[in-house]
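K.L.:
Please find one structure pasted underneath; my questions will follow.
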Amino acid sequence: EKRLPNYVVMGLPEDHTVGSSPGKPTIQASVGSNDYALGMIVDAITHSPYWPETAIFVIEDDAQNGSDHVDARRTIGLAISPYTRRKSVDSTFYTTSAMLRTIQLLLGLPPMSQFDASANPMYRSFTNVADNTPYTHLQPTTDINALNEKTAWGAKESMEMDFTTFDEMPMDQFNEIIWKNAKGPDSV
């Protein structure tokens, strides 16, 4: 019988984008491609024999990295499992440590530090009744092959940034490039 590891960490880094570097994927294409890849992974797992005993947790590694009307550190977190409450949003305040603590509880592992030991497990996101309905991924609604033009806002600045690894670019300048490309060059 084939067996999956009990714990797998996977990174889908395309949502970091390469700003508006000419000839490279647009910000919308990068994020759309990243979301599409996640959908295909969830589709494959939920259609596999492993699904009844699987839980998938998804979080962005940088959180939001820019302020809005709530908080500059917030992000979305997804819990995907036959035991996840369907068609609901759990607005409980959780942290990355809360997600880690939930994973530890599912695997029967002890906390590693005081932070995950005191974190609020994601109990409200789950139910004790399994729903093994599989997920079928959707086709992207954005062009995931779109490339930045030379005239894209911040193209010159993007070309000067280091995208060889994460978070090497000047964050404030990079955030402005992403914002202006998503919301328009005259947006505040």
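K.L.:
If you scan segment 91-114, which residues turn out to be within 14 Å of Ala79 (Cβ to Cβ) and in contact with an Asp or Glu (Cβ under 6 Å, 6 or more places away or on another chain)?
P.N.:
Result: Leu100, Arg101.
K.L.:
Residue check: is Val42 open to solvent by less than 60 Å² (accessible area, probe 1.4 Å), β-branched (Val, Ile, Thr) and within 13 Å of Leu147 (Cα to Cα)?
P.N.:
Numbers: open to solvent by less than 60 Å² (accessible area, probe 1.4 Å): yes; β-branched (Val, Ile, Thr): yes; within 13 Å of Leu147 (Cα to Cα): no.
So Val42 does not fit the description; no.
K.L.:
Kindly provide the set of residues from segment 155-180 that are over 20 Å from the mean Cα position of the chain (by Cα) and within 12 Å of Lys24 (Cβ to Cβ), ordered by number.
P.N.:
Ala155, Ser158, Met159, Met161
K.L.:
OK, next. Could you give every pair whose Cβ atoms fall below 8 Å, whose first residue belongs to segment 83-103 and is closer than 13 Å to Ser118 by Cβ and in a helix (DSSP H, G or I), and whose second residue is at pLDDT 90 or above and acidic (Asp, Glu), counting only separations of at least 6 or pairs across chains?
P.N.:
Once the first residue is closer than 13 Å to Ser118 by Cβ and in a helix (DSSP H, G or I) and sits in segment 83-103, its partners that are at pLDDT 90 or above and acidic (Asp, Glu) give Ser97/Asp116; Leu100/Asp116; Arg101/Asp116.
K.L.:
In contact (Cβ under 8 Å) with a residue 24 or more places away in the chain and in a loop (DSSP other than H, G, I, E, B), is that true of Lys180?
P.N.:
Working: in contact (Cβ under 8 Å) with a residue 24 or more places away in the chain: yes; in a loop (DSSP other than H, G, I, E, B): no.
No: the conditions fail for Lys180.
K.L.:
Only residues that are within 16 Å of Leu106 (Cβ to Cβ) and either within 13 Å of the chain's Cα centre (by Cα) or not small (Gly, Ala, Ser) (or both): list them for segment 41-62, please.
P.N.:
We begin by selecting, within segment 41-62, every residue within 16 Å of Leu106 (Cβ to Cβ); these are 45, 50-59.
Ile45, Tyr50, Trp51, Pro52, Glu53, Thr54, Ile56, Phe57, Val58, Ile59 - these are the residues of segment 41-62 that are within 16 Å of Leu106 (Cβ to Cβ) and either within 13 Å of the chain's Cα centre (by Cα) or not small (Gly, Ala, Ser) (or both).
K.L.:
Considering only residues that are open to solvent by 60 Å² or more (accessible area, probe 1.4 Å) and touching a residue at least 12 places away in the same chain (Cβ under 8 Å), which ones fall in segment 140-153? Write out each step before concluding.
P.N.:
Applying the first criterion (open to solvent by 60 Å² or more (accessible area, probe 1.4 Å)) to segment 140-153 yields 141, 143, 145, 147, 149-151, 153.
Correct list: Thr141, Asp143, Asn145, Leu147, Glu149, Lys150, Trp153.
K.L.:
When the residues of segment 60-89 are filtered to those that are touching a Ser or Thr at 6+ places or on another chain (Cβ under 6 Å) and more than 15 Å from Arg124 (Cβ to Cβ), which remaining residue is modelled with the highest pLDDT?
P.N.:
Taking the candidates together, the pick is Glu60.
K.L.:
On the basis of being of a type in the set (A, V, I, L, M), under 25 Å from Tyr36 (Cβ atoms), open to solvent by less than 60 Å² (accessible area, probe 1.4 Å) and without any contact (Cβ under 8 Å) to a residue 60 or more places away in the chain, does Met122 make the cut? Give the steps one after another, and end with the answer.
P.N.:
Values: of a type in the set (A, V, I, L, M): yes; under 25 Å from Tyr36 (Cβ atoms): no; open to solvent by less than 60 Å² (accessible area, probe 1.4 Å): yes; without any contact (Cβ under 8 Å) to a residue 60 or more places away in the chain: yes.
Spelling it out, it is not the case that Met122 is of a type in the set (A, V, I, L, M), under 25 Å from Tyr36 (Cβ atoms), open to solvent by less than 60 Å² (accessible area, probe 1.4 Å) and without any contact (Cβ under 8 Å) to a residue 60 or more places away in the chain.
K.L.:
Taking segment 4-39 as the region of interest, how many residues are open to solvent by less than 50 Å² (accessible area, probe 1.4 Å), assigned to a loop (DSSP other than H, G, I, E, B) and of a type in the set (S, T, N, Q)?
P.N.:
Looking only at that region, the number is 3.
K.L.:
Take Met169 and tell me if it is assigned to a loop (DSSP other than H, G, I, E, B) and at pLDDT below 95.
P.N.:
Values: assigned to a loop (DSSP other than H, G, I, E, B): yes; at pLDDT below 95: yes.
Here the answer is yes, as Met169 does meet what is asked.
The values are calculated or read from the model by the stated rules, or taken from the named source; none is laboratory data. Keep in mind it's a predicted model, so treat the numbers as computed, not measured. Note that each Cβ is placed from the backbone with ideal geometry, even for glycine, and that neighbours are counted across all protein chains shown. Side chains included, ligands, DNA and RNA excluded: accessible areas come from the protein's heavy atoms. Shrake-Rupley method; radii C 1.70, N 1.55, O 1.52, S 1.80 Å.
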